[in-house]
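Novice: Dropping a structure here in structure tokens format, bear with me for questions.
Here, each number is a calculation from the coordinates, and none is a lab measurement. Being a predicted model, the structure only gives us computed values, none of them experimental. Cβ coordinates were reconstructed from backbone atoms using ideal geometry, including for glycine residues, and neighbour counts include every protein chain displayed.
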Amino acid sequence: MRALAYGAALAAAAPAGALTLEACERTTHISHGGEDMHRDLGGGRVMWRNWWSQEGTFSDYVIADCAPGRALILRTAEERMNDRLPFDKTRRALTLIDKHEAGARVFATLERMAGSLEDTARDVRIQDLEAEPCACAAAYPDARGTKTPYAHG
């Protein structure tokens with residue numbers, strides 16, 4: 001809740017014309033894929049969901065540490081995307097993420113989160129980001145560093 005309130009306060013305080021987390025919601029593949037549910041988790045970290053819904057569905061969540069440009073990516077739900085059995089562990093995965101985020105950030109590392117999500121989510125991985133995600137550009141624009149700036153549109 002603390003992160004959601006912070007994100008709302010940040011959006012309200014943003015100068016006119018500044019990018020907001022709400023503006024990051026987008027359809028990436030005409031009507032059947034996109035990004036939504038962008039959240040500021042505080043301390044330079046953001047989260048959002050990537051979704052797909054055409055002849056199969058999935059939900060992936062991304063937790064990005066904006067300044068270092070690293071992201072934890074995990075699949076929480078999937079149906080008819082391949083030969084694997086369908087599953088939906090979204091509620092459990094989000095509960096685990098919230099539990100980590102409620103504690104001290106020194107312990108809520110992406111590696112620890114990945115380890116605790118291995119038995120709940122699928123395709124859990126950490127990767128480096130070369131480009132600035134929209135949520136980082138909106139919530140932490142000064143954390144871009146050498147990453148390619150987020151391009152609106």
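Novice: Determine whether region 63-84 contains at least one residue that is within 17 Å of the chain's Cα centre (by Cα) and among the polar types (S, T, N, Q).
Specialist: Yes, region 63-84 contains a residue that is within 17 Å of the chain's Cα centre (by Cα) and among the polar types (S, T, N, Q).
Novice: Show the residue pairs meeting these rules: Cβ distance below 9 Å; 6+ apart or different chains; first residue within region 131-153 and on the phi > 0 side of the Ramachandran plot; second residue of a type in the set (A, V, I, L, M) and assigned to a loop (DSSP other than H, G, I, E, B).
Specialist: From residues that are on the phi > 0 side of the Ramachandran plot, the pairs are Gly145/Ala67.
Novice: Considering only residues that are of a type in the set (S, T, N, Q) and closer than 29 Å to Arg91 by Cβ, look in region 115-147 and name the one that is surrounded by the most Cβ atoms within 10 Å (Cβ to Cβ).
Specialist: Going through the qualifying residues, I end up with Thr120.
Novice: Going by the conditions given, is Ile97 in a helix (DSSP H, G or I) and either over 15 Å from Trp48 (Cα atoms) or of a type in the set (A, V, I, L, M) (or both)?
Specialist: yes
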